[in-house]
Amino acid sequence: MDAAVTTRLALPAELTIYMVAELAPQWLASLDGLSHDDAADDSFAVDAAAVAEVDAAGLQLLVALANQLTRDGWTLRLARPSPTLAQACALLGLDALLGAGAAA
């Protein structure tokens, strides 16, 4: 991950339907009060290295997070996506979530 980017969130090992109900309100609430004042750029970096299991519900949560960030003037950046997450994104046509800055 680029040293200049501050990771604001770390994805858990299990990003599945079983975790989404717990994670969604926490993550979306963490966006309240997010300020560009202390940011080097408009990237909201999420460490995705730990993801070992992901399903459609987990990907939906990432899409919801990306959409909310876009509305607030930010760009979701998945830093160091695990092979599991990268494959799931590719299989469901969500490669855009990985973005150009997603490489390790």
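Each value in this text was obtained by applying a stated rule to the coordinates, not by laboratory testing. Quick caveat: nothing in here was measured; it's all calculated off a predicted structure. As a convention, Cβ positions derive from the backbone with ideal geometry for all residues, glycine included, and neighbour counts pool all protein chains shown.
First check a/c for segment 35-89, with a ≥ b ≥ c the square roots of the eigenvalues of its C-alpha gyration tensor; if it is under 1.5, answer rounded, and if not, answer prolate when a/b is larger than b/c or oblate otherwise. Cα axes put segment 35-89 in the oblate bin.
A simple spin-label model places the labels of D72 and L28 1.2 nm from each other, with each point 7 Å out along Cα-to-Cβ.
Across segment 80-93, computed HN-Hα scalar couplings (Karplus, 6.51 cos²θ - 1.76 cosθ + 1.60, θ = phi - 60°) run 6, x, 5, x, 4, 5, 4, 5, 4, 4, 5, 5, 9, x Hz from first to last residue, x flagging Gly and Pro. Counted by Cβ distance under 14 Å from T16, the other residues give a net charge of -4, where Lys and Arg count +1 and Asp and Glu count -1.
Structural descriptor for segment 53-104: relative contact order 40 percent, calculated from alpha carbon pairs under 8 angstrom and at least 6 residues apart. A cut-off of 5 Å between modelled amide H atoms, ignoring neighbours fewer than 5 places along the same chain, links L9 with D47.
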